[in-house]
Amino acid sequence: MNQDILEIITQLREELRQHNYNYYVLDNVAISDYDFDIKLNKLQALEEQYPQYFDTTSPTQRVGGEITKNFRTITHENRMYSLDNSYSKEDLFDWEKRIQKNLGTENTEYTCELKYDGASINLSYKNGKLISAVTRGDGFKGDDVTANIKTIKSIPLQLKGQFLDSFEIRGEIILPLDGFNKMNEERIAVGEDPYRNPRNTASGSLKLQDSVEVAKRPLDCLLYHVVANKIPFETHFETLEKARKVGFKIPKAIKVCKSIDAVFEFINFWDTERHNLPYETDGIVIKVNNLHQQDELGFTEKAPRWAIAYKFKAEQESTVLNEITYQVGRTGAITPVANLGPVQLAGTTVKRASLHNADQIEKLDIRERDTVFVEKGGEIIPKVVGVDFSKRPSDSQPTQYATHCPDCETLLVRKEGDAKHYCPNEFGCPTQITGRIQHFISRKAMNIDGLGAETVELLFEEGLIYNYADLYDLRIEQIIPLERMAEKSAQNIVDGIELSKKVPFEKVLFALGIRFVGETVAKKLAKHYKSIDKMMVASFEDLTNVDEIGDRIAQSIVDFSNDLSNIQLIDRLRNYGLQLEMSAEFQANQTDKLQGKIFVVSGVFHQMSRNELKKAIEDNGGKVSSSISKKTSYIVAGDNMGPSKRTKAESLEIPIITEGDFIEMIT
Ligand code: AMP
Ligand code: ZN
């Protein structure tokens, strides 16, 4: 009997592993999320019921949950070396000459691989199972980040076939650009500074204490090197091919080259083509392909003799920095901006670049009228990376960082631990005032139709509004006299404002523009506290106990709630009739029935409107998405569902359900 159970468990694990491999390593889909979840849930249930069959490499172990307060230091069994660099074809010819002399033969061939720009990692396997994952550290010792690494789904916890009994495999933990940009969009939306680059973000992710947080980040792992006592293959290339077969993600851009000329063709091709890759690379790594030759060549103090990196020239140009100006955001944060003489960089004209903060300017000693180097790393905002001191004007003076707000002249403050200066004049600084109102009316917040960013500025300049509550006092006769304002537009504005009184509480909460409270956080808070009053009296501790609310968000809410002007504003909003609590109907209808499920709604419905349907999904804890992907759990199809949607759903094997099926699901 128990033998049968074990067989079922083993079979489920194997199936799920294969699906993970297809999806995360091969980029193929063979199963819908729905079917995957069913199998995973079944496995989870069996593992709970039969704890004797627990296995650290089970696919159920990928969701995270382990907290690491201090990462254990582990000595590498085999040192992790760095690489020597080369920058030209001549450098490569010199390298070839050295190794051929060393080997006493001209019979050498090379593999060329991309140099992935991330955080290096060493994975140890024994008998087909992942044993540990350790960061590079100083090359001799690194940190044990196994719990975090397990959440990266392209890393096999259990190999798919016979490879070596005991070995290490090395690679790079990367954050693909798409995922990186998405993370940054979310940060910017809540007024946080964006992450600087994918590499640092990837390596920072490995050291997060909560592996559940790591699981949420779209990290990936590209592997490039197997280390073992004895490798039963002839070449590096063959070893990687075999490793790919047993489940490792080894990028396909590897080429065996018989000469440095051929190596250079590879380099030239990827120097431009790399911009089309989903992740960042900073060069090419050239390795002697034959493993016996590698052994013979061995290592220097720092690096293998059998490998060399070729660094791409970063896309860098020099130009004149005309002026440093300062920008205020709606939260009061000051950003210094370099206004540059226009320069072509990676296909676009660059005129401005962020200088980040005062420390950065001081560190690089950047001054007005300097000739500076501007770089575009990957697809991200251009940055000033240095100064051409040879061109500095003789009468140049060190930059005095702004002491006062460029907009309201208030003395700037800088809190301890904060990289940025702030304008503390929250309620008097024009940019902060209009910025907050513009955020309030925006589509994802109060969605006030007819009222645009410029009109807000106009209304403010005319002295008609100072805060978002003032919007509700506006009368049409006050708006019509504004420049270029037609009566109809004025009416639209008034109507839009009136209509916004019906906007549900969670959106109002987001609209208030509390620092660090973005859309998702606002939803969480609204659902938890159910009214603004309960949230505003909540203590710091109480706030941090809410799912996904950390210290920083909690503190920001406490600060907001203790401010007398905010309390008065909220009172006014209440008197105008805005929704400051979850509707009774909402509160009665909330369930978790669809927790974790993602729906796409398509077609025409009969029993509910499309919007009612979407609301029902969210009320029951599900999510609505507008496009079908591998992640979609169900498609609720009405009449006339688009044929292309249907084809896509069928090819991804996503269950298509009717309105009736859906209603049954939630009742
Ligand atoms: P550097 O950090 O510039 O000294 O470059 C050495 C690092 O490049 C190694 O420690 C690896 O982490 C990384 N690297 C990225 N891609 C590769 C690759 N294909 N082969 C070897 N090392 C690589
Ligand atoms: Zn100001």
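The values are calculated or read from the model by the stated rules, or taken from the named source; none is laboratory data. All values derive from a computational prediction rather than experimental measurement. Cβ placement follows ideal geometry from the backbone for every residue including glycine, while neighbour counts extend to all protein chains displayed. All accessible areas refer to the heavy atoms of the entire protein, side chains included, with ligands and DNA or RNA removed. Shrake-Rupley method; radii C 1.70, N 1.55, O 1.52, S 1.80 Å.
Is it possible to state the helix-based mean residue ellipticity at 222 nm for the chain, with each DSSP H run of 4+ residues giving -39500 (n - 2.57), the sum divided by total residues, to the nearest 500 deg cm²/dmol? What is it?
-11000 deg cm²/dmol
Excluding ligands and nucleic acids, what accessible area in Å² is computed for Thr75 using a 1.4 Å probe, to the nearest 10?
Thr75 exposes around 100 Å² with every protein chain in place.
Would you please give the residues with an amide H less than 5 Å from that of Leu412, counting only those at least 5 places away or on a separate chain, with H modeled from the backbone geometry?
Amide H neighbours of Leu412, under 5 Å, 5+ apart: His404, Cys405.
Ignoring ligands, DNA and RNA, how do His606, His421 rank by accessible area with a 1.4 Å probe, largest first? Mind dumping the intermediate values first?
Values: His606 135, His421 30 Å².
Heavy-atom accessible area, descending, gives His606, His421.
Using only the heavy atoms of the protein chains and a 1.4 Å probe, how would Asp395, Asp37, Asp295 rank by accessible area, largest first? Could you put the intermediate results ahead of the total?
On the way: Asp395 95, Asp37 50, Asp295 125 Å².
Ranked from most to least accessible, the order is Asp295, Asp395, Asp37.
What are the ³J(HN,Hα) couplings of the range 24-31, residue after residue, when phi is run through the Karplus curve with 6.51, -1.76, 1.60 and θ = phi - 60°? Round to Hz, x for glycine and proline.
Result, ordered by residue: 8, 9, 8, 6, 10, 10, 10, 8 Hz.
Find how many whole Å separate the alpha carbon centroid of the range 607-631 from the alpha carbon centroid of the range 289-303.
58 Å
Can you list the residues, at least 5 places off or on another chain, whose amide H is less than 5 Å from the amide H of Cys257, using H built in the peptide plane?
Placed amide hydrogens put Tyr110, Thr111, Cys112 under 5 Å from Cys257.
Strictly under 4.7 angstrom between C-beta atoms: which cysteines of the chain have no such partner?
Here Cys112, Cys221, Cys257 come out as lacking a disulfide-compatible partner, given the Cβ-Cβ threshold of under 4.7 Å.
Give the angle, between 0 and 90 degrees and rounded to the nearest 10, that separates the Cα long axis of helix 487-499 from the longest principal axis of the Cα atoms of the chain.
80 degrees
Taking 27 Å as the cut-off for C-alpha to C-alpha distance, list the pairs among Lys115/Lys630; Lys351/Lys420; Lys129/Lys623 that go past it.
Working: Lys115/Lys630 29 Å; Lys351/Lys420 23 Å; Lys129/Lys623 36 Å.
Lys115/Lys630; Lys129/Lys623, as the Cα separations exceed 27 Å there.
Report the accessible area of Tyr326, computed with a 1.4 Å probe over the heavy atoms of all protein chains in place, in Å² rounded to the nearest 10.
Accessible surface of Tyr326 is approximately 50 Å².
Roughly how tilted is helix 236-245, in degrees to the nearest 10 and between 0 and 90, from the longest Cα axis of the chain?
50 degrees
Which of rounded, prolate or oblate describes the chain when judged by the alpha-carbon gyration tensor and an a/c cut-off of 1.5?
Values: a/c = 2.16, a/b = 1.29, b/c = 1.68.
The shape class here is oblate.
With θ taken as phi - 60° and the coefficients 6.51, -1.76 and 1.60, list the Karplus ³J(HN,Hα) couplings across the range 171-185 in order, rounded to whole Hz; mark glycine and proline as x.
Each residue of the range 171-185 in turn: x, 10, 7, 10, 10, x, 4, 4, x, 4, 4, 5, 4, 5, 4 Hz.
Relative contact order (percent) for the range 598-666, with alpha-carbon contacts under 8 angstrom and 6 or more residues of separation?
Values: 93 pairs, mean separation 26.5, N = 69.
The normalised contact order for the range 598-666 reaches 38 percent.
Pairs of Cα atoms under 8 Å, at least six residues apart: use those to get the relative contact order of the chain, whole percent.
Values: 1134 pairs, mean separation 69.1, N = 667.
Relative CO of the chain lands at 10 percent.
For a quick check: with amide H placed at 1.01 Å from N, whose amide H comes under 5 Å from Asp388's, ignoring anything fewer than 5 positions away on the same chain?
Close amide H contacts, sequence-distant or interchain: Thr371, Val372, Phe373.
How large is ³J(HN,Hα) for each residue in the range 326-339, as worked out from phi by the Karplus curve 6.51 cos²θ - 1.76 cosθ + 1.60 (θ = phi - 60°), to whole Hz, x for Gly and Pro?
10, 10, 9, x, 5, 9, x, 5, 9, 10, x, 10, 8, 9
So how exposed is Trp95, as accessible area in Å² (1.4 Å probe, rounded to 10)?
10 Å²
With angles folded into 0 to 90 degrees, how steeply does helix 519-529 sit against the dominant principal axis of the chain? Use alpha carbons for both and round to 10.
Roughly 60 degrees, rounded to the nearest 10.
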